[in-house]
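Only the coordinates and a few stated rules stand behind these numbers; no lab work does. Small disclaimer: the values here were computed from a predicted structure and weren't measured. A quick note on method: Cβ atoms are made from the backbone with ideal geometry, for glycine too, and the neighbour counts reach across all protein chains shown.
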Amino acid sequence: MIARRSIRTCWLLPVLAMVGLASCASAPTTKKTPAGSLKLDVEPAEALVYLNDSLIGRAADLKRAIIPVSSAEARVQVSADGYFSEYRLIQVGPAELAVAQVKLHRVPAGESP
């Protein structure tokens, strides 16, 4: 009787393994492919640059950078002490390189941004 039980359950293990592998093959992936790329030309060099609400670096460090963008719209914010902040919504097509120039303007003496 013991031998019969192990024979009966032996065929079940490969079947369960195949079902498990089949369900893994159809699992969706969460990796986003870039919609395009963005190149920024920003002044002043000390300005901080944000892409979709995340700091990506200083303007001087991004001067030659090509930034991958994962959506069709890129929200760019540029700010620096003593300057008015700038906000841009940039359309980026698939496999496209969008270029944006942002020049901040100084806050006049006695005013606040």
Query raised in the report: Is it true that residue 78 is within 11 Å of residue 47 (Cβ to Cβ), surrounded by 14 or more Cβ atoms within 10 Å (Cβ to Cβ) and not basic (Lys, Arg)?
Result: yes
Query raised in the report: Tell me, which residue of the stretch 94-113 that is among the aliphatic types (A, V, I, L, M) and over 24 Å from residue 71 (Cα atoms) is surrounded by the fewest Cβ atoms within 10 Å (Cβ to Cβ)?
Result: 109
